[in-house]
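Asks: Dropping a structure here in structure tokens format, bear with me for questions.
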Amino acid sequence: MAKKELNNKERPNCFIIMPFGGWFDKYFSDIYVPAIEKAGFEAKRADDLYRPGNIVNDIWNYTKNANVILADLTNKNPNVFYELGLAHAITKPAILITASMEDVPFDLRSLRVIVYDKNSPDWGDILKDKIAKALEETLKSPEDAIPPTFLEVSKTKRLKVGEEEKELLELRRDLNSLKREVRSKPNNRIRRVEEEIHPNEAEMLIKRYIENGLDDIDIAEKLEPFGPPINWTLDKIKEFRDK
């Protein structure tokens, strides 16, 4: 047991900033944590910060101590954007993930963004592999996961790059942003991601569908395009039916 704790302390840590509740908690436990541990990192999330005290200070400390940030921008959660801003301000490399590029501000689209498609078979396993690979690559080249504006050219304790390298990074990210914009045009997309609903709204719809006599699988399939994974919906249905 002591050896395991020592190994955990020696591993780099990844601070996850993401919405809480509903299926996001399932993503955290079933996808994000396994992917992070597969890459050799220790996963951390701010679950224990929701207690009396200065939450901003605690989040600040989590951010400062992280080697890499993993940020889920799905649904444009304001707390996630605030915490990501803190990370960028101190040049912490950040990997961005989202269910839709529509949730990613234009200024951030030049960075590495992993887009997951819940309509794709085995999307969870695919996302795990992409996150693990991105973490490994970011640990080797952290400057690729930081907006060029925040990279320090002068001699400070922050991550430093030369002026020429900074210009090359900006050029590379502008090119990546342009490629993503072209791929995101309606004519180039097989299907568009539906606007996601809040977990509370999903629960209200589940109750209404149950009252209307819909089958469990029909309810799950109706809600899936709007965010709730089928397994999450089926668990909620069972919970409501057992009451």
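Asks: Check which residues have an amide H placed less than 5 Å from E42's amide H, if you skip close sequence neighbours.
Replies: HN-HN under 5 Å from E42: N13, C14.
Asks: For the pairs K64/K236; K133/K222; K26/K133; K92/K133; K38/K238, note any where the Cα-Cα span goes beyond 29 Å.
Replies: The pairs that break the limit, which is 29 Å between Cα atoms, are K64/K236; K133/K222; K38/K238.
Asks: Now for a different question. Around L70, which amide H atoms from residues at least 5 apart in sequence, or from another chain, sit under 5 Å from its own amide H, with H modelled in the peptide plane?
Replies: Amide H neighbours of L70, under 5 Å, 5+ apart: F15, I16, I17, I95.
Asks: Hey, another quick one. Under 13 Å from the Cβ of W60, count the other residues' Cβ atoms, weight Lys and Arg +1, Asp and Glu -1, and hand me the total.
Replies: Once all neighbours under 13 Å are counted, the net charge is 0.
Asks: Now a separate question. Assign unit charges at the C-beta atoms only (+1 for Lys and Arg, -1 for Asp and Glu), then state the dipole size of segment 199-242 relative to its Cα centre in Debye, rounded to the nearest 20.
Replies: Computed charge dipole of segment 199-242: roughly 100 debye.
Asks: Also: How much net charge surrounds F28 when only the other residues with a Cβ under 10 Å from the Cβ of F28 are counted, with Lys and Arg +1 and Asp and Glu -1?
Replies: The answer is -2.
No lab work stands behind these numbers, since they all come straight from the coordinates. These figures come from a predicted structure and were not determined experimentally. Don't worry about glycine lacking a Cβ; one is built from the backbone with ideal geometry, like all the others, and counts go over all protein chains shown.
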